[in-house]
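One structure is given here, and the rest of the page talks about it.
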Amino acid sequence: MLPRTAVLDTEKLREYMESKDINASELAAVIGVSSSCMSRLLNNKREPSGVVWSGLIGLLGKKVFNYIFFVENVSNDTKNKERRELD
């Protein structure tokens, strides 16, 4: 069985922010990251760091699982095969 990676569902996080009437800067301050980090995260230009995960868990508790999904990691052999097929 391949390991899985947790991925933040930024669309759901945006919906949460809207429901609580908070903006990205406010959420960043609450979870302990910079506004620019939060902006890159929400625009899918950055993966969540340990600080982000920790802050979200502190904020959301067990409800944090509503905002993540898991993807299976692909082995290097599969990645290389896919690259060869694209060439």
**Request:** Quickly work out the F70-to-S54 label distance, labels modelled 7 Å from Cα along the C-beta direction, and quote it in nm with one decimal.
**Result:** 2.3
**Förster-model FRET efficiency, 25 Å R0, K63 and S34, C-beta, rounded to 0.05** = 0.55
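Each value in this text was obtained by applying a stated rule to the coordinates, not by laboratory testing. None of these values were measured; they are calculated from a predicted model. Glycine gets a Cβ as well: all are built from the backbone with ideal geometry, and neighbour counts include every protein chain shown.
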